[in-house]
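The structure appears right after this line, and notes come after that.
The values are calculated or read from the model by the stated rules, or taken from the named source; none is laboratory data. Everything numeric here is computed off the predicted structure, so don't read it as measured data. Cβ: placed from backbone, ideal geometry, glycine included. Neighbour counts: every protein chain shown. Protein only, heavy atoms only, side chains kept; ligands, DNA and RNA dropped before computing areas. Shrake-Rupley method; radii C 1.70, N 1.55, O 1.52, S 1.80 Å.
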Amino acid sequence: MRPATVAKNLGALLLALVFVFPVYWMFSSALKPNSEILTKDPVFVFTPTLDNFTKATGVENFWTYVTNSLVVTVGAVLLALLVALAASFAIARMKFKGRKGLVLGVMMAQMAPWEVMVIAMYMIMRDAEMLNSLGVLTAIYFVMVLPFTIWTLRGFIAAVPVTLEEAAQIDGCTRGQAFRKVIFPLLAPGLMSTSLFGFITAWNEFAMVLILNKDKTAQTLPLWLTQFKTAFGNDWGATMAASSIFAIPVLVIFIFLQRKAVGGMTAGAVKG
């Protein structure tokens, strides 16, 4: 093996370790007693304990937080995919007045910092008596993930040769049938990558639910992560256990969709 190749492999390994170590430290700290977390010298060899996980899941309304997070996240992602499929197909395949302006609007919406709008949203929701609503939170998350979903799926649809769609129509398919039978099956990588991005965005969102949903029965898991404080400071063992539980769904989904999702993010970003 050439020295240049060895150097590249070592550099890649070192970079991987830099990114993986915080994840390892989070999971290992979740399995340590607090006496071994708050030490001057780091502890790498220890006897694992599940006490921190018991403490983290024993918080009042824990399963309510889990259910709420799943409802708003999955609901927002499914709605975004449904609307984005139609919008991205129109942008990629149809010629209409204002098409370029629509694409520009999608890009601007993607770059917009949603946190600056949270106060205005709070005032509107307060006046409309719509605070503490999972439906409203789902709608907000849906709007947040929609621009990226449209932009990515547009690239995938544009990458599918028009001749395939035309051939299906010649064989007797309507335009809708051609989309469903020819284009839609080819969009699997794009659907997976956008679903993963949308899931992570909605799953991690903190500011919106903090301001709009004060009722604990309408809150999600990001707020659950803030509850591990005592009179003596943070309970780091429970915090690390909660963070590990919070990260597991995203890790599982990413591992499951890894190949197609990574390829989808790259392809959808440069095509069309």
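May I ask you to list the residues in the range 113-132 that are open to solvent by 60 Å² or more (accessible area, probe 1.4 Å) and in a helix (DSSP H, G or I)?
Glu115, Val116, Met117, Ile119, Tyr122, Met123, Ile124, Arg126, Asp127
Filter the range 150-167 down to the residues that are assigned to a helix (DSSP H, G or I), farther than 22 Å from Leu196 by Cα and not hydrophobic (A, V, I, L, M, F, W, C) and list them by number.
Residues of the range 150-167 assigned to a helix (DSSP H, G or I): 150-159, 162-167.
Within this subset, residues satisfying the condition of being farther than 22 Å from Leu196 by Cα are 162-167.
Across the range 150-167, the qualifying residues are Thr163, Glu165, Glu166.
Any chance you could count how many residues in the range 201-237 are more than 21 Å from Val136 (Cβ to Cβ), out of contact with any Asp or Glu (no Cβ under 6 Å at 6 or more places or on another chain) and either open to solvent by 20 Å² or more (accessible area, probe 1.4 Å) or not in a helix (DSSP H, G or I) (or both)? Spell out the reasoning first.
Within the range 201-237, the subset more than 21 Å from Val136 (Cβ to Cβ) is 225-237.
So of that shortlist, the ones also out of contact with any Asp or Glu (no Cβ under 6 Å at 6 or more places or on another chain) come out as 225-227, 229-237.
The next check asks that each one be either open to solvent by 20 Å² or more (accessible area, probe 1.4 Å) or not in a helix (DSSP H, G or I) (or both); those that pass are 225-227, 229-236.
The qualifying residues number 11.
With the requirement that a residue be touching a residue at least 12 places away in the same chain (Cβ under 8 Å), open to solvent by 30 Å² or more (accessible area, probe 1.4 Å) and either closer than 13 Å to Trp203 by Cβ or among the basic types (Lys, Arg) (or both), what does the range 51-73 give you?
Lys55, Val71
What pairs come out if I take residues in the range 237-257 that are in contact (Cβ under 8 Å) with a residue 24 or more places away in the chain and pair them with residues that are assigned to a helix (DSSP H, G or I) and of a type in the set (Val, Ile, Thr) whose C-beta lies under 8 Å away, six or more apart or interchain?
As it stands, the answer is Gly237/Ile37; Met240/Ile37; Ile245/Thr57; Ala247/Val23; Val250/Ile200, since those pairs meet every condition given.
List every residue pair whose Cβ atoms sit under 9 Å apart, with the two residues 6 or more apart in sequence or on different chains, where the first one lies in the range 100-128 and is in contact (Cβ under 8 Å) with a residue 24 or more places away in the chain and the second, anywhere, is exposed (fewer than 12 other Cβ atoms within 10 Å of the Cβ).
Listed pairs, sorted by first residue: none to list.
Please count how many residues of the range 14-34 are farther than 18 Å from Ala247 by Cβ and surrounded by 10 or more Cβ atoms within 10 Å (Cβ to Cβ).
Number of matching residues: 4.
Show the residue pairs meeting these rules: Cβ distance below 9 Å; 6+ apart or different chains; first residue within the range 156-167 and open to solvent by less than 20 Å² (accessible area, probe 1.4 Å); second residue aromatic (Phe, Trp, Tyr).
Ile157/Phe89; Ile157/Phe179; Glu165/Phe179
Report yes if Leu15 is among the hydrophobic types (A, V, I, L, M, F, W, C) and modelled with pLDDT under 90, otherwise no.
Numbers: among the hydrophobic types (A, V, I, L, M, F, W, C): yes; modelled with pLDDT under 90: no.
Answer is no for this residue.
Do you know which of the residues in the range 76-99 that are under 28 Å from Phe206 (Cα atoms) and free of Cβ contacts under 8 Å to residues at least 12 places away in the same chain is surrounded by the most Cβ atoms within 10 Å (Cβ to Cβ)?
Within the range 76-99, the match that is surrounded by the most Cβ atoms within 10 Å (Cβ to Cβ) is Leu78.
Met26 fails exactly one of the following numbered conditions: (1) over 30 Å from Gly135 (Cα atoms); (2) part of a loop (DSSP other than H, G, I, E, B); (3) in contact (Cβ under 8 Å) with a residue 12 or more places away in the chain; (4) hydrophobic (A, V, I, L, M, F, W, C). What is the number of that condition?
Condition not satisfied by Met26: (2).
Could you check the range 35-50 and list, in sequence order, the residues that are under 17 Å from Phe228 (Cβ atoms), open to solvent by 60 Å² or more (accessible area, probe 1.4 Å) and aliphatic (A, V, I, L, M)?
Those that are under 17 Å from Phe228 (Cβ atoms), open to solvent by 60 Å² or more (accessible area, probe 1.4 Å) and aliphatic (A, V, I, L, M): Leu38, Leu50.
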